1. If a residue must be exposed (fewer than 11 other Cβ atoms within 10 Å of the Cβ) and charged (D, E, K, R), how many such residues does segment 47-74 contain?
Amino acid sequence: MNPSEKSNSINTENENDINQIKDDNLSDKNKQTSLEDDRYVFGWGQYSEITNGRFAMIGFAAIILIEIISKKSFLDWAGIIH
């Protein structure tokens, strides 16, 4: 291998290393951004929507369980409809 081929292979390896470092830094920033998105902020935000969705799923499951156990519709069981 002549010296110019060696320097080209070294440059290619250095470029690969630099690209890998850049990718690592970008993924760290993406992780940090996603962690910031999970924090509570006042108003309409991603965290609020996820929390409301989870409570809605729990409430829906509770209504289904009430209907299964009491053998009545939820509205009848709650006394809303007689």
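The values are calculated or read from the model by the stated rules, or taken from the named source; none is laboratory data. Treat the numbers as computed from the prediction; the structure is a model and nothing was measured. Because the Cβ atoms are built from the backbone with ideal geometry, glycine has one as well, and the counts that use them run over all protein chains shown.
1. Residues in segment 47-74 being exposed (fewer than 11 other Cβ atoms within 10 Å of the Cβ) and charged (D, E, K, R): 3 in total.
A quick yes/no check of all residues on (1) over 30 Å from S73 (Cβ atoms); (2) among the aromatic types (F, W, Y); (3) modelled with pLDDT of 85 or more:
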position: E5; (1), (2), (3): yes, no, no
position: S9; (1), (2), (3): yes, no, no
position: E15; (1), (2), (3): yes, no, no
position: S34; (1), (2), (3): yes, no, no
position: V41; (1), (2), (3): yes, no, no
position: Y47; (1), (2), (3): yes, yes, yes
position: G59; (1), (2), (3): no, no, yes
